[in-house]
Amino acid sequence: MAVHRPPRICLVRTPALVSTHRVRHGASAQMKRVVYTCLFGHSELFNDFTYERDGIDFICFTDDPELRSDFWKIELLPRKILDPARASKKLKALSHIYLAQYDWSLYVDNTVRLKVAPNRFFEEFLVPSKSALACFRHHERDCIYDEAKAVLSLGLDTPERVKAQMSLYRYLGYPAIAWPRQRRAAASQTP
């Protein structure tokens, strides 16, 4: 059972993450766009989903030299110090480094199948955004500390690592609830 990470934190798993790392000029169609996913450590089968291209590149980063796709460009990365889960998170968090040739990027977890064309994510969420990063809210939790409890209860990481990370967040003043309930309620009523 996978736990979806709170999307307000960049170094955690998100179902979909849209980011840009350059100043936007002109229409989105002129921007070089990429949709990417990661598959490390033979943890699951590759979901070789296909989508409308709309001038968008599709890349799958992997450490599996046998992985093939007619749709996705396979980028083989050597196995390094990081375990598979953290190797994937590193790519999600550092798209501006690994995909520097692109203006906009959309991360889609290998287990997620988009119900709409990827271009809609760029057009509806990134184009109007004043931020260089657009994320989606967690479907169950709004508190990173509650997420840490879920991670520990499911045995997804070691207590030492999770407690150290939560201690860092507390030291940095990260709030227990990142998005107050009043704002969430108002946003949920917005069409």
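Of the GluC sites (Glu not before Pro) in region 29-87, the ones in a loop by DSSP (not H, G, I, E or B) with at most 16 other beta carbons within 10 Å are Glu44, Glu52, Glu66. Comparing Cα centroids, region 26-70 and region 110-156 end up 18 angstrom apart. Partners of Lys90 within straight-line reach, counting lysines whose Cα lies under 24 Å from its Cα and excluding those fewer than 8 residues away in the same chain: Lys32, Lys73, Lys80, Lys149, Lys163. Taking the fewest neighbouring Cβ atoms within 10 Å as the starting point, the ordered list for Val108, Val35 is Val108, Val35.
No lab work stands behind these numbers, since they all come straight from the coordinates. Quick caveat: nothing in here was measured; it's all calculated off a predicted structure. A quick note on method: Cβ atoms are made from the backbone with ideal geometry, for glycine too, and the neighbour counts reach across all protein chains shown.
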